[in-house]
1. For segment 303-440, build the charge dipole from Cβ charges (+1 Lys, Arg; -1 Asp, Glu) around the Cα centre, then report which of Leu427, Trp365, Leu312 sits farthest towards its positive end.
2. Helix 8-23 against the longest principal axis of the chain: what's the angle in degrees, Cα atoms only, rounded to the nearest 10?
3. Check Tyr363: other-chain or 5+ apart residues with amide H under 5 Å from its amide H, H built from backbone geometry?
4. Keeping all protein chains in place, calculate the accessible area per residue for the chain (probe 1.4 angstrom), answer in Å².
5. Between the DSSP loop rule and a limit of at most 12 other Cβ atoms within 10 Å, which chymotrypsin sites (Phe, Trp or Tyr not before Pro) in segment 339-445 are left?
6. Sort 110-120, 179-189 for me by packing, meaning the mean count of neighbouring Cβ atoms within 10 Å per residue, highest on top.
7. Rounded to the nearest 5, what is the percent of antiparallel bridges among the DSSP beta bridges in the chain?
8. Extension gain Lys247-Val200, at 0.36 nm per residue separation less the Cα-Cα distance, in nm?
Amino acid sequence: MFPPFPTEQAHAYCKKIVSQLQAGSLSLTRISAPSGERDGHGVMIGVLVCTDSGGREVVLCAVSGNSLVLSGNTGDCVLVPPVVAPEAIEKALAPNDKMIHELTAQLKKSPECERRHISAERAQLTTESLRAVHSLYRFHCLDGSVRSLGDICGAKLPPTGTGDCCAPKLLDYAFARNLHPVSMDEMYYGRPSLNKVSGVSYPPCDERCGIILPAMLGLAVVYRDENILVVNKQSGLLSVPGRGPEKQDCIVNRMKRLFPYTIEQPSVHRLDMETSGLMVLAFTAEAQRTLSMQFEKGLVRKQYVALLDGTLENGKGLCVPPHGVTEGHIELRFSLDWPNRPHQMYDEVNGKLEITDWEKSGYNWYRGVDGKNRKVTRMLFTPHTGRTHQLRLASADMHGFGLPIVGDSLYGSCEPGERLMLHARYLSFVHPATGERMEFTCPAPF
């Protein structure tokens, strides 16, 4: 994942700590037995530079994993312990540990016909043990909440070691003490591996930190520099604040809370609350002005993935293509349906022109919240205008495909617990400061 904070300040501290480890003035002390596959491998040294409520600098330092900590004089750096103590993890693993080892031994000497049953039994016990360990993890978040690993991951079992990387340790410690992050960096120390070299910095990992950090920070940071921020907006979150206290939680306000130096109005475009995907925002007034002009002039390139509720050939709209046609172009006019706002309605005379290219990617089976499967059409939309509900209308309206997007609460149907299956997967624009063409992709979560 992309580093969520500037790295320069923290990088200097990381270099100093690694130099001290190499010189022997600092050492790594074992506090629990390592796992067999990790024994002798290197570790990540993480540093988070923060400010307290009085604006004073506080420097935090952590070691990845759950078996090693730094020992020695780290100067002004505060040593951050594991989120969960090793003793608590050992206690959670204990009930199934003996049986798992016995089943492992049986696998090595059992005939082929018995191995599947033994392997399934061992897998079940291993999963129980992992869930017991994961249930111990609680993470303090930027918004003041404390979230469990189960709450963050849902029913999906996260990878082993999730929560033991440097970044979640450092941020959990900081947020629990009302410290505000300024700079964060992680540097590898130890024996070189296939993808890491000692003394080199690496961003937080995708497989573990990529799960936890967006929940802790409130934003999934795709890219950040001193001018712009690109995020992957989650479905169900507003892009900008609405009217009333219940509509203040949004991408813009989360950005301003995470990066206090953000300008008052950083937004340059919006995604519907139910839509997920890529958004770009501005840190400076000049970047905001330049990006806004690009959107107004149609210079920004966007693509969306959608699941249409049914097969395209069975759509009832006027734009349903002939059999065998898998791409096309739609131009329709819509205006606001004032008595039923925010709904839009087809208006050939006074409506604003909406232009969209589409491509059928194929068919999928979609499992609804009722547990039943139904066939849906996976579409790739390329809008050339930026009208309200443009893609939802092109899909659902009778002048379009007559086939609403799955989970569309306005133009189709949305069951409790269901989301709109529309995701902004591609975004390209000219960087407001460098003039470079920037391109971002973010796979759909469905």
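1. Trp365
2. Helix 8-23 and the main axis of the chain meet at about 30 degrees.
3. The list, which skips near neighbours in sequence, is Arg378.
4. Solvent-accessible surface per residue comes out at 50 Å².
5. Working: sites: Tyr346, Trp358, Tyr363, Trp365, Tyr366, Phe381, Phe401, Tyr411, Tyr426, Phe429, Phe440; in loops: Phe401, Tyr411.
Of the chymotrypsin sites (Phe, Trp or Tyr not before Pro), not one in the loops of segment 339-445 has a Cβ with at most 12 other Cβ atoms within 10 Å.
6. Listed from highest to lowest mean packing, they are 179-189, 110-120.
7. On the way: 74 of 80 bridges.
Of the beta bridges lying entirely in the chain, close to 90 percent run antiparallel.
8. Gain on extension, Lys247 to Val200, equals 12.6 nm.
The values are calculated or read from the model by the stated rules, or taken from the named source; none is laboratory data. Everything quoted here is computed from the prediction, not taken from an experiment. Ideal geometry is used to build each Cβ from the backbone, glycine not excepted, and the neighbour counts take in all protein chains shown. Areas reflect the complete protein model, heavy atoms only, side chains present, ligands, DNA and RNA absent. Shrake-Rupley method; radii C 1.70, N 1.55, O 1.52, S 1.80 Å.
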